[in-house]
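Written below as structure tokens is the structure these notes are about.
The values are calculated or read from the model by the stated rules, or taken from the named source; none is laboratory data. Keep in mind that this is a model prediction, so the values were computed, not measured. Note that each Cβ is placed from the backbone with ideal geometry, even for glycine, and that neighbours are counted across all protein chains shown.
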Amino acid sequence: MTNQERIDMLEEIKLDISSNFSQICRHHQIDEEVLYNAENNIENIFDWMIEFYKQDIRHDNTSKKALMIGMANTISNLNVPIITSWMHQSPIEFLLFSALNISIPPHVLERAYLMPQVPVCNNKYILDIVLMDRRDPTKDGTEGVPIVGIECDGYDYHYNDPDKATKTQERIRNIEMNLGIPIFSYTGKEIYSNCTKLALDFWNYVEQKIYTVK
């Protein structure tokens, strides 16, 4: 593949990604300021790569080095999840986790964080997503205590026959009783259709019941 072919391919991908990104995020009512900054960053990253190959065509190794060093400094500050951390999540878990992460209130983030696939009850169960309270290890020797659990209940996996439905409900009750924390349960259909609203409603509950603003 020639450098010009790489440039053409990146230009095409940039347009496609930007179009899909804007359409999906606006459909789910992502904050316009967040969306604007993200759109610019996506385009800028692609433009950076495109410019690298343009400088390669010109045999300008000095500019190529400057671009790479600039990218290292800039991209190192981005909060980008590691792809392998999603491998054990279902698509609906990943979707809700993403919606929750983008809308977490700053004052809640100071005191808690989200964690996917958390073993609980002596590893008997795994919660899809957990809001973990940040505890001071200098005071009680603990850090990352489950405070709210979230279950993403895809129909085929949990409810497509009576036995599965019964086991799912028993599992949720056992976790609530053993941990003493609330468990929010969402269907795959409502996560796909309304992930942004579900996330905002969840954080509204957390702000009202757990981390109230004084």
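Take the conditions (1) farther than 22 Å from Glu110 by Cα; (2) not in a helix (DSSP H, G or I); Ile181 misses just one of them, which is (1). Among the numbered conditions (1) under 15 Å from Asp128 (Cβ atoms); (2) in contact with a Lys or Arg (Cβ under 8 Å, 6 or more places away or on another chain), tell me where Phe184 comes up short. So Phe184 meets the others, but not (2). Of Lys189, Lys164, all but one fail to be surrounded by fewer than 17 Cβ atoms within 10 Å (Cβ to Cβ), in the same structural domain as Ser90 (by TED's automatic domain parsing), assigned to a helix (DSSP H, G or I) and modelled with pLDDT under 85; the exception is Lys164.
May I ask you to verify whether Ile24 is surrounded by fewer than 12 Cβ atoms within 10 Å (Cβ to Cβ) and not assigned by TED's automatic domain parsing to the domain that holds Glu190? If you could, list the steps in order and put the result at the bottom.
Details: surrounded by fewer than 12 Cβ atoms within 10 Å (Cβ to Cβ): yes; not assigned by TED's automatic domain parsing to the domain that holds Glu190: yes.
Judged against the criteria, Ile24 is a match.
Within region 118-128, the residues that satisfy the criterion of being surrounded by fewer than 19 Cβ atoms within 10 Å (Cβ to Cβ) and either touching a helix residue (DSSP H, G or I) at 6+ places or on another chain (Cβ under 8 Å) or on the phi < 0 side of the Ramachandran plot (or both) are Val118, Pro119, Val120, Cys121, Lys124, Tyr125, Ile126.
Candidates Gln89, Gln55, Gln29: the one that is surrounded by 10 or more Cβ atoms within 10 Å (Cβ to Cβ) and in contact with a Pro (Cβ under 9 Å, 6 or more places away or on another chain) is Gln89. Cβ-Cβ distances below 8 Å connect the following pairs, each with a first residue in region 34-51 that is closer than 13 Å to Ser22 by Cβ, a second residue that is among the basic types (Lys, Arg), and a separation of six or more residues or different chains: Leu35/Arg26; Ile42/Lys14; Glu43/Lys14.
Among the residues of region 57-89, those identified as of a type in the set (Ser, Thr, Tyr) and either modelled with pLDDT under 85 or closer than 21 Å to Asn41 by Cα (or both) are Ser63, Thr74, Ser76, Thr84, Ser85.
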